[in-house]
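To keep things clear, I will list the structure first and then write my remarks on it.
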Amino acid sequence: MDKNEKFTVSKDMMLKLNKRDMYMQWLGIEFLELREDYIMTKLPVRDELLNNFGAIHGGVLYSLADITAGTLSCSHGRLTPTVDGHLNYMEPAIVKEYVTCEAKLKRYGAHLVSLNVEIKNEEGKLLDDGCFTFYRTESPIG
(Lines give C-alpha, C1' and ligand atoms only; values in the text may rest on other atoms or scores of the structure.)
Protein backbone atom coordinates (compact mmCIF):
# COMPACT_ATOMS: atom_id res chain seq x y z
CA MET A 1 0.00 0.00 0.00
CA ASP A 2 1.25 3.48 -0.81
CA LYS A 3 2.42 5.38 2.26
CA ASN A 4 -0.22 8.05 1.57
CA GLU A 5 -3.02 5.55 0.92
CA LYS A 6 -4.98 4.45 3.96
CA PHE A 7 -7.84 2.21 4.88
CA THR A 8 -10.56 4.73 4.14
CA VAL A 9 -13.79 2.82 3.76
CA SER A 10 -15.98 1.96 6.73
CA LYS A 11 -18.10 -1.14 7.06
CA ASP A 12 -21.20 1.06 6.71
CA MET A 13 -19.92 2.51 3.44
CA MET A 14 -19.17 -0.95 2.03
CA LEU A 15 -22.65 -2.12 3.04
CA LYS A 16 -24.16 0.87 1.26
CA LEU A 17 -22.14 0.21 -1.89
CA ASN A 18 -22.89 -3.50 -1.88
CA LYS A 19 -26.65 -2.89 -1.58
CA ARG A 20 -26.49 -1.96 -5.28
CA ASP A 21 -25.16 -5.46 -6.09
CA MET A 22 -28.36 -7.37 -6.77
CA TYR A 23 -26.57 -10.71 -7.15
CA MET A 24 -24.94 -10.33 -3.75
CA GLN A 25 -28.30 -9.37 -2.27
CA TRP A 26 -29.98 -12.40 -3.86
CA LEU A 27 -27.31 -14.69 -2.40
CA GLY A 28 -27.97 -13.19 1.05
CA ILE A 29 -24.37 -12.44 1.99
CA GLU A 30 -24.05 -10.68 5.36
CA PHE A 31 -20.98 -8.70 6.49
CA LEU A 32 -19.79 -9.53 9.99
CA GLU A 33 -16.42 -7.78 10.29
CA LEU A 34 -14.24 -5.47 8.19
CA ARG A 35 -10.74 -4.29 9.09
CA GLU A 36 -7.82 -2.98 7.05
CA ASP A 37 -6.47 -6.47 6.33
CA TYR A 38 -9.40 -8.79 7.12
CA ILE A 39 -13.07 -9.34 6.34
CA MET A 40 -15.60 -11.95 7.44
CA THR A 41 -18.94 -12.64 5.78
CA LYS A 42 -21.76 -15.09 6.37
CA LEU A 43 -24.00 -16.88 3.89
CA PRO A 44 -27.24 -18.35 5.28
CA VAL A 45 -28.29 -21.57 3.56
CA ARG A 46 -31.43 -21.60 1.40
CA ASP A 47 -32.79 -24.37 -0.80
CA GLU A 48 -32.13 -22.28 -3.93
CA LEU A 49 -28.38 -22.40 -3.22
CA LEU A 50 -28.13 -26.20 -2.98
CA ASN A 51 -27.11 -28.70 -5.63
CA ASN A 52 -28.80 -32.08 -6.24
CA PHE A 53 -26.82 -33.63 -3.37
CA GLY A 54 -27.90 -31.15 -0.69
CA ALA A 55 -24.60 -29.24 -0.60
CA ILE A 56 -24.15 -25.54 -1.33
CA HIS A 57 -23.38 -25.31 -5.05
CA GLY A 58 -19.70 -24.76 -5.89
CA GLY A 59 -20.55 -21.70 -7.98
CA VAL A 60 -22.27 -20.12 -4.99
CA LEU A 61 -19.21 -20.77 -2.82
CA TYR A 62 -16.94 -19.28 -5.48
CA SER A 63 -19.18 -16.21 -5.66
CA LEU A 64 -19.07 -15.88 -1.86
CA ALA A 65 -15.26 -16.01 -1.89
CA ASP A 66 -14.95 -13.54 -4.79
CA ILE A 67 -17.41 -11.05 -3.29
CA THR A 68 -15.82 -11.28 0.17
CA ALA A 69 -12.24 -10.87 -1.10
CA GLY A 70 -13.31 -8.17 -3.57
CA THR A 71 -14.97 -6.14 -0.84
CA LEU A 72 -11.78 -6.16 1.22
CA SER A 73 -9.74 -5.29 -1.86
CA CYS A 74 -11.99 -2.27 -2.60
CA SER A 75 -12.07 -1.13 1.02
CA HIS A 76 -9.01 1.06 0.50
CA GLY A 77 -11.05 3.32 -1.75
CA ARG A 78 -10.20 2.12 -5.26
CA LEU A 79 -12.16 0.00 -7.71
CA THR A 80 -10.40 -3.38 -7.93
CA PRO A 81 -11.82 -5.87 -10.45
CA THR A 82 -10.94 -9.55 -10.15
CA VAL A 83 -7.91 -10.68 -12.16
CA ASP A 84 -7.77 -14.29 -10.99
CA GLY A 85 -9.38 -16.50 -8.40
CA HIS A 86 -8.73 -20.04 -7.29
CA LEU A 87 -10.83 -22.02 -4.80
CA ASN A 88 -10.02 -25.51 -3.52
CA TYR A 89 -13.18 -27.50 -2.72
CA MET A 90 -11.96 -29.81 0.05
CA GLU A 91 -15.22 -30.88 1.71
CA PRO A 92 -18.85 -30.84 0.55
CA ALA A 93 -20.66 -27.82 1.98
CA ILE A 94 -23.52 -29.78 3.52
CA VAL A 95 -24.53 -27.41 6.29
CA LYS A 96 -27.67 -26.74 8.32
CA GLU A 97 -27.61 -22.98 8.80
CA TYR A 98 -24.73 -21.04 7.24
CA VAL A 99 -21.13 -20.86 6.07
CA THR A 100 -18.65 -18.09 6.79
CA CYS A 101 -15.97 -16.72 4.52
CA GLU A 102 -12.84 -14.99 5.71
CA ALA A 103 -10.43 -13.09 3.47
CA LYS A 104 -7.02 -11.94 4.65
CA LEU A 105 -4.87 -9.44 2.83
CA LYS A 106 -1.67 -11.06 1.64
CA ARG A 107 -0.22 -8.19 -0.41
CA TYR A 108 -1.43 -4.73 -1.39
CA GLY A 109 0.95 -3.81 -4.20
CA ALA A 110 1.21 -0.91 -6.62
CA HIS A 111 -1.05 -2.67 -9.15
CA LEU A 112 -2.20 -5.98 -7.69
CA VAL A 113 -3.94 -6.96 -4.47
CA SER A 114 -3.60 -10.58 -3.29
CA LEU A 115 -5.82 -12.21 -0.67
CA ASN A 116 -6.28 -15.64 0.90
CA VAL A 117 -9.80 -16.94 1.56
CA GLU A 118 -11.29 -19.67 3.75
CA ILE A 119 -14.87 -20.91 3.84
CA LYS A 120 -15.98 -22.75 6.98
CA ASN A 121 -19.17 -24.41 8.19
CA GLU A 122 -21.07 -23.31 11.30
CA GLU A 123 -18.81 -25.47 13.50
CA GLY A 124 -15.68 -23.79 12.12
CA LYS A 125 -14.60 -26.74 9.96
CA LEU A 126 -12.63 -25.68 6.89
CA LEU A 127 -14.52 -26.55 3.68
CA ASP A 128 -12.70 -24.51 1.03
CA ASP A 129 -9.64 -22.34 0.71
CA GLY A 130 -8.09 -20.34 -2.05
CA CYS A 131 -6.53 -17.13 -3.26
CA PHE A 132 -7.75 -14.18 -5.30
CA THR A 133 -5.95 -11.39 -7.11
CA PHE A 134 -7.45 -7.99 -7.96
CA TYR A 135 -6.19 -5.10 -10.10
CA ARG A 136 -5.95 -1.68 -8.45
CA THR A 137 -7.44 0.91 -10.78
CA GLU A 138 -7.17 4.64 -10.36
CA SER A 139 -10.99 4.87 -10.15
CA PRO A 140 -12.43 5.63 -6.72
CA ILE A 141 -15.27 3.41 -5.51
CA GLY A 142 -18.65 4.89 -5.01
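Within the chain, all pairs of alpha-carbon atoms sorted by distance into 10 Å bins from zero give the percentages 12, 45, 32, 10, 1. Not counting the cut sites, what is the longest span of the chain without GluC sites (Glu not before Pro) that DSSP labels loop and that have at most 16 other Cβ atoms within 10 Å? So the longest stretch without any such site is 37-96.
Secondary-structure-derived ellipticity at 222 nm for the chain, considering helices only, amounts to -6500 deg cm²/dmol, per-run term -39500 (n - 2.57) for DSSP H runs with n ≥ 4.
Placing Asp21, Asp84, Asp128 in order of accessible area, with the largest value first and a 1.4 Å probe, yields Asp84, Asp21, Asp128.
Of all aspartates and glutamates in the structure, those lying under 13 Å Cα to Cα from Lys16, and not within fewer than 8 positions of it along the same chain, are Glu30. Within the accessible surface of the chain, defined with a 1.4 Å probe on protein heavy atoms only, the carbon and sulfur portion equals 52 percent. Counting only alpha carbon atoms, the long axis of helix 58-74 and the longest principal axis of the chain meet at about 20°.
When the residues Lys106, Lys42, Lys16 are ordered by accessible surface, computed with a 1.4 Å probe over the protein chains alone, the sequence from largest down reads Lys16, Lys106, Lys42. Taken as Cα centroids, segment 38-78 and segment 103-142 sit 12 Å apart, rounded to the nearest whole angstrom. In terms of packing, defined here as the mean over residues of other Cβ atoms within 10 angstrom, the peptides 89-95, 74-80, 63-69 line up highest first as 63-69, 74-80, 89-95. Solvent-accessible surface of the chain, taken per residue with a 1.4 Å probe and all protein chains present: 55 Å². With all protein chains in place and ligands, DNA and RNA left out, the 1.4 Å accessible area ranks Lys120, Lys125 as Lys125, Lys120, largest first.
The values are calculated or read from the model by the stated rules, or taken from the named source; none is laboratory data. Remember, it's a predicted structure, so these values are computed and weren't measured experimentally. Glycine also receives a Cβ, built like all others from the backbone with ideal geometry; neighbour counts cover every protein chain displayed. The area values use the complete protein model at the heavy-atom level, side chains included, leaving out ligands, DNA and RNA. Shrake-Rupley method; radii C 1.70, N 1.55, O 1.52, S 1.80 Å.
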